[in-house]
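**Student:** Got a structure here, written out as structure tokens. Questions coming.
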Amino acid sequence: MATKQPHVLIIDDDKGINRVLSQILSDDFSVIATTSGKDGIEMAKELSPFLAMVDLRMPETDGLHVLREIKKSKPEISVIMMSAYGEVASVVEAFREGAADFLTKPFDFRCLLENVRKLATQTNIEEEESQYPHAKDIIGNSRIMKHVWNLIKRFSPTDIPILLQGETGTGKELFAKVIHSLSVRSNGPFVPVDCSAIPESLIESELFGYEKGAFTGASTRKEGLFESANMGTLFLDEIGNLPLSIQAKLLRV
């Protein structure tokens, strides 16, 4: 299945610039171009591209005005300002109004394409962070990490045990929190447990609890961690360190 290409909106009164930029970006992005600043403002509202490339000087309307209007209606859209005139005052004003970059004509097209790709990657990361609580704590946008995110999307809504494997320090608890936040149990508690930190003699009572009088010294009822995590998620970190006898009992919970 083909991946949907991100939209780029080009707003420049020079049709030649629009045509060249469209050709350069079309392999990676879905490009829409207009020579009208007013039309560009409306197209940004309607299409919500991840990026708008706006010429600074246009006869119909000022590029800075277009920048302000886009940021007012769609602040999530990145805006790159373009101009053959690199006046310091205009550059400063553009960045003050929220521009992501300012490019001077004639362009270094290889550099331009690289900058647009970087903005697209950053936009994807920000969308992941807004969609998934705790995602901002997880750094990585590689092919393998994208595969991990796809697995999270697939299995988080299911009400089944999930095994997370990875070396110490790779962020298993962070991913467990994301899975919990996307699960049907997200309104319940998230209870993390470091299984390697519980003395072997106390593991069973910590996990399952006990009733008052169950054994000598049990003067009060103790709620186990499974009960504490009821209707939520119990994250058993380093579960492989539990005695096999306890692991067998977990299968019956």
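Read-outs throughout are calculated quantities, based only on the coordinates presented, and are distinct from any laboratory measurement. What you see is a predicted model, and the numbers here were worked out from it, not measured in a lab. Note: ideal-geometry Cβ built from the backbone for every residue, glycine included; neighbour counts use all protein chains shown.
**Student:** Shape of region 7-131 from its Cα gyration tensor (a ≥ b ≥ c, root eigenvalues): rounded if a/c is under 1.5, otherwise prolate when a/b > b/c, or oblate?
**Tutor:** rounded
**Student:** Residues in region 19-45 near a label at residue 105, defined as backbone nitrogen under 17 Å from the 7 Å Cα→Cβ point?
**Tutor:** 19-25, 33-38, 40
**Student:** If you don't mind, another one. Cross-link candidates for residue 72: which aspartates and glutamates have Cα within less than 13 Å, leaving aside residues fewer than 8 places away along the same chain?
**Tutor:** Within the straight-line limit of under 13 Å, residue 72 reaches these aspartates and glutamates: 42, 97.
**Student:** Ok, one more. To the nearest 10 degrees, how steeply does helix 37-47 sit against the main Cα axis of the chain, on a 0 to 90 scale?
**Tutor:** Long axis of 37-47 versus the principal axis of the chain: about 20 degrees.
**Student:** What does the charge count around residue 215 come to, taking other residues whose C-beta lies under 14 Å from its C-beta (Lys +1, Arg +1, Asp -1, Glu -1)?
**Tutor:** +1
**Student:** Taking only Cα atoms, what is the 0 to 90° angle, nearest 10, from helix 172-182's long axis to the longest principal axis of the chain?
**Tutor:** The two axes meet at around 80 degrees.
**Student:** Something else about it: Under a cut-off of 19 Å between alpha-carbon atoms, report the lysines in cross-link reach of residue 172, not counting same-chain residues fewer than 8 places apart.
**Tutor:** Reachable lysines: 136, 146, 153.
**Student:** Simple spin-label model, 7 Å along Cα-to-Cβ: residue 68 to residue 89 in nm?
**Tutor:** 1.5 nm
**Student:** Could you work out how far apart the two model spin labels at residue 5 and residue 186 are, taking each label as a point 7 Å from the Cα in the direction of the beta carbon, and quote it in nm?
**Tutor:** 3.3 nm
**Student:** Could you give the angle, 0 to 90 degrees to the nearest 10, between helix 63-73's Cα long axis and the longest principal axis of the Cα atoms of the chain?
**Tutor:** 30 degrees
**Student:** For region 55-121, which chymotrypsin sites (Phe, Trp or Tyr not before Pro) are in a loop by DSSP, counting at most 11 other Cβ atoms within 10 Å?
**Tutor:** Loop-located and lightly packed - 85.
**Student:** Could you go through region 196-203 in sequence order and give the Karplus-derived ³J(HN,Hα) for each residue, using 6.51 cos²θ - 1.76 cosθ + 1.60 with θ = phi - 60°, rounded to whole Hz, and x for Gly and Pro?
**Tutor:** 6, 8, 9, x, 4, 5, 10, 4
**Student:** While we're on this one: Can you work out the FRET efficiency for the pair residue 200 and residue 115, with r the C-beta to C-beta distance and R0 = 35 Å, to the nearest 0.05?
**Tutor:** 0.05
**Student:** Enumerate by residue number the GluC sites (Glu not before Pro) in region 190-249 meeting two conditions: DSSP loop (anything except H, G, I, E, B), and at most 11 other Cβ atoms within 10 Å of the site's Cβ.
**Tutor:** Within region 190-249, the qualifying GluC sites (Glu not before Pro) (loop, at most 11 other Cβ atoms within 10 Å) are 211.
**Student:** Treat each spin label as a single point 7 Å out from the Cα along the C-beta direction, and report the residue 96 to residue 211 distance in nm.
**Tutor:** Each label point lies 7 Å from its Cα, and together they span 7.4 nm.
**Student:** Here is a further query. Search the structure for amide H atoms under 5 Å from the amide H of residue 8, placed 1.01 Å from N in the peptide plane, and list their residues when 5 or more places away or on another chain.
**Tutor:** Sorted by chain and number, the residues that satisfy this are 30, 31, 32.
**Student:** Sort largest first and round to whole Å: the equivalent ellipsoid semi-axes of region 135-250, each the square root of five times a Cα gyration tensor eigenvalue.
**Tutor:** 31, 16, 11
**Student:** Let me ask something else about it. In percent, what relative contact order does the chain have, based on Cα pairs under 8 Å that are 6 or more apart in sequence?
**Tutor:** 11 percent
**Student:** Going by the alpha-carbon gyration tensor, a ≥ b ≥ c the square roots of its eigenvalues, is region 201-253 rounded (a/c under 1.5) or, if a/c is not under 1.5, prolate (a/b greater than b/c) versus oblate?
**Tutor:** Verdict is oblate for region 201-253.
**Student:** Computed from the coordinates I sent, semi-axes √(5λ) of the Cα gyration tensor in Å equals one of (i) 56, 17, 15; (ii) 60, 18, 13; (iii) 34, 22, 18. Tell me the label.
**Tutor:** (i)
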